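The values are calculated or read from the model by the stated rules, or taken from the named source; none is laboratory data. These numbers come from a predicted model, not from an experiment. Cβ placement follows ideal geometry from the backbone for every residue including glycine, while neighbour counts extend to all protein chains displayed.
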Amino acid sequence: METSARLREGWPSLLLVWAMLLVASMAIMQADLIDGLHIVPIAATLALLAGWLLGKSVFSERTAHLFALFYGLFFVTWLVGTTLPYDGPWRERVLDLVGRQVEWVQKLIDGGTSRDGIIFVIQTTAVFWLLGYVAGWYTFRRTQVWRVVIPIGIVLLSVVYYYSGPKPLLVYLAIYTLLALVFVAITYLSGEERRWRNEAVRYDRAIQFDFLRAGLLAALLALLMAWSLPGLKASADVGEVLSGAGSPWRSFQDTWTRLFSSLRSYGAGTSDPYQDTLVLGGPRTVGNTLVMDIRVSEELPYGVYWQAITYDTYVNGGWRVVESDVEPATHFPDDGPLNVPVSLSREVITQTVTNYLPNSSFLYAAPEVVSTDRQMLVDATYDEAGQTLVTALRSRLILRQGDQYQVASRVSTADAASLRAASTVYPQWVTDRYLQVPDTLTPQTLDLAAQLTTDHPNPYDKAIAVRDYLRVNVDYNDQIAAAPEGVDPIHYTLFDLKEGYCTYYASAMAVMLRSQGVPARVVSGYALGEYDPATRNYRVRAVNAHTWVEVYFPNYGWIHFEPTQSIPVAERPDSATAGEGLTPPVPLNNEERDLTDDELADLERANSLLDGVDPVRERGLLGNVAWWQVAIGAALLLVAGLAVWVANRYNRGVEGDVGRSYLRLGEWARWLGIPWRTTQTPYEQADALVAVVPQGQQSIRNLTRQYVLQLFSPARATDADFDPYSEWRLLRPVLLRQSVVKFLNRARGAKE
């Protein structure tokens, strides 16, 4: 082997490749996906050394790769074995690792879920061994810079893109990009220096430092310009395209999460509109952003909404989720249905949800959810029997734009007579949490609640009475001011403003029912949205964001009630024989009145949406982009166009010169794996290339002949009418086609 301290490629190349590998491996360590990843930079370093030594050796390519395989198996097994949580003999450790890998492959084939974290450590270490070896080989044996830069960059980019935790991994991507650009520049200079030495061209050795400095400055400038560009906003159009064309990718993602379910997940950086608190805090603006599409088997009744989170405690003018001592439980699809309390008169519906939010965690679905094909985090408490009382369901891995999931829900079909006859003996967990009434509730509110419910003997009719009062006596207005300091928002809505929106309606109904011994809670999510009968699809937008009330009935579970005036109400049939499911909406406030200017504008907007014209989109793509961002973008386009022009001029300069054209023939020959030995005559070299690319025979021989004439003829000149660039216009497509054929043949051979 060649172990001289003087590298043909230069020590900067070795250090830069090592730094790129370390940056990628440090990024995956910082992601903290699982314990044991500290061995990854060690594996990458050892692999780079192996690639360097084998690349400098006299071994053939096949022999060197075989050695690398054996070295890789040894070092990966040894490194991973040191992370095992026991100190048994190495024979037992190796057998344990092999057994785990075999079991993982069986689950891959059978569709099972793997929860063995060591598998990710094994395979990640193996990937970085391969990256390190490939980087060393294509730097020190066959100089192909993009085969070094691109694989490492793809792995790093995938880690940065899918990581949603608190650590700034984007910095690692920026550092890697800087190192890669400098590496490309240094590698190019090394190649040029070899060519200059072969052609006895004199040059200043200090050019290395100048070139490195110029490359570093150019890379920094490119990074700064890229950093200043406006971020790409989430696009509903892109999301819709992805949802239709991304099925193979989504299938891969689902398989990934199934086979590496032990990885840690993070909830940071989500764009969820709902949190663990819901404040009655004045006006709201929801916009018209596309949130999701939900496909169902048939149109659903108005009483079904898309639930996100439930609130149980009202205090200080807002709602919050009861604090639980239990961490959110991880539920896997093959764990079976959720262990929720059984309720009567329920019908299972299946929904296929396509998410359009860029980073979402909630799994939206009709209540009550029993199963899903997603790994999920279950926010819940538990009753006396250990059954799950769900507060919210979140995807264990953040949902990206275009992601899909399926969920099954048990929707209530209970009739009014059954609910009126339901028991009023509530479980302990219901009375503990859902009869809570705050001290801030005013006597006027309590008196109104008693007045509305006193003539009704059962909770169902009490709920209907309160609901109907709110729909008739409180006008819908989502631009109301917040309640004054020291005034309860519910009292302010009922007796002062007599206006409000869904959060105020639901809050007033829930606390008034609680004050009369009827357990109730507030739920947030989305109303049904716009239904398309042709596709059996509900399109849900931000404007459909909604909050409603659920009342608990023993044996029947939580039943939805709609107190908000602007939302159609669904009346349940009087008895099971009166009809199936829920009846169409019955508006309770039919009083005629003139529309306000704002309402006319809203109506005009709705009509334009129905006609397929979205006013938000019609404002144009630059509505939210600053002028300086547009200017930078235009400057970058100009620079890119200039770079293309310069590259084209350079290319014409190379292919328009006979001597440089012949050198380019040699570069194509090496790319195609054709020997191009200095001991051969130009005609022998041309014959070797023609044997592989017979379609380009005429142009190859013409270029070679003119090169010989220029170099060895007495006149040292080519034919006067010869144009090498015209020959390249014919030859270039042939060489490109041959390169593609070679790549496909290699891929096919590797697969076989």
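Observations on the model:
- Total residues in the stretch 345-369, condition out of contact with any Asp or Glu (no Cβ under 9 Å at 6 or more places or on another chain) and either of a type in the set (D, E) or crowded, with 17+ Cβ neighbours inside 10 Å (or both): 9
- In a residue-by-residue description of the stretch 63-79, the property of being surrounded by fewer than 19 Cβ atoms within 10 Å (Cβ to Cβ), among the β-branched types (V, I, T) and free of Cβ contacts under 8 Å to residues at least 24 places away in the same chain applies to at least one position.
- Checked against (1) buried (at least 20 other Cβ atoms within 10 Å of the Cβ); (2) free of Cβ contacts under 8 Å to residues at least 40 places away in the same chain, A380 passes all but a single condition, namely (2).
- Candidate set from the stretch 406-439 (those that are more than 44 Å from the chain's Cα centre (by Cα) and among the hydroxyl-bearing types (S, T, Y)); member that is farthest from S343 (Cα to Cα): T424
- Scanning the stretch 275-284 for residues that are out of contact with any Gly (no Cβ under 8 Å at 6 or more places or on another chain) and in contact (Cβ under 8 Å) with a residue 40 or more places away in the chain returns D276, G282, P283, R284.
- Qualifying residue in the stretch 17-34 (condition: among the β-branched types (V, I, T) and without any contact (Cβ under 8 Å) to a residue 60 or more places away in the chain): no
- Considering the stretch 527-570, the qualifying strands (runs of 3 or more DSSP E), each wholly inside and each with 3 or more residues that are of a type in the set (A, V, I, L, M), run over 545-553.
- Counting the residues of the stretch 648-676 that are over 17 Å from V693 (Cα atoms), modelled with pLDDT of 80 or more and of a type in the set (V, I, T) gives 1.
- The lone criterion from (1) assigned to a helix (DSSP H, G or I); (2) surrounded by 12 or more Cβ atoms within 10 Å (Cβ to Cβ) left unmet by Q436 is number (1).
- Among the residues listed as V98, V102, V23, the single one being under 30 Å from L189 (Cα atoms), at pLDDT 85 or above and under 35 Å from the mean Cα position of the chain (by Cα): V23
Quick grid of which residues meet (1) assigned to a loop (DSSP other than H, G, I, E, B); (2) farther than 28 Å from Q404 by Cβ; (3) touching a helix residue (DSSP H, G or I) at 6+ places or on another chain (Cβ under 6 Å):
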site	(1), (2), (3)
E299	yes, no, no
Q307	no, no, no
Y314	no, yes, yes
V326	yes, yes, no
V340	yes, no, no
L344	yes, yes, no
Q351	no, no, no
L357	yes, no, no
S360	no, no, no
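- Set L441, L393: member being part of a loop (DSSP other than H, G, I, E, B), aliphatic (A, V, I, L, M) and out of contact with any Pro (no Cβ under 8 Å at 6 or more places or on another chain): L441
- Applying the set (1) outside any strand (DSSP E or B); (2) under 18 Å from the mean Cα position of the chain (by Cα) to I398 leaves exactly one unmet item: (1).
- Evaluation of L470 against (1) aliphatic (A, V, I, L, M); (2) in a loop (DSSP other than H, G, I, E, B); (3) surrounded by 20 or more Cβ atoms within 10 Å (Cβ to Cβ) (one fails), failing number: (2)
- Qualifying positions in the stretch 666-717 - assigned to a helix (DSSP H, G or I) and small (G, A, S): G666, A669, A686, A688, A691, G696, S699
- Summed over the stretch 480-516, the residues that are of a type outside the set (K, R) and not in a helix (DSSP H, G or I) give a count of 13.
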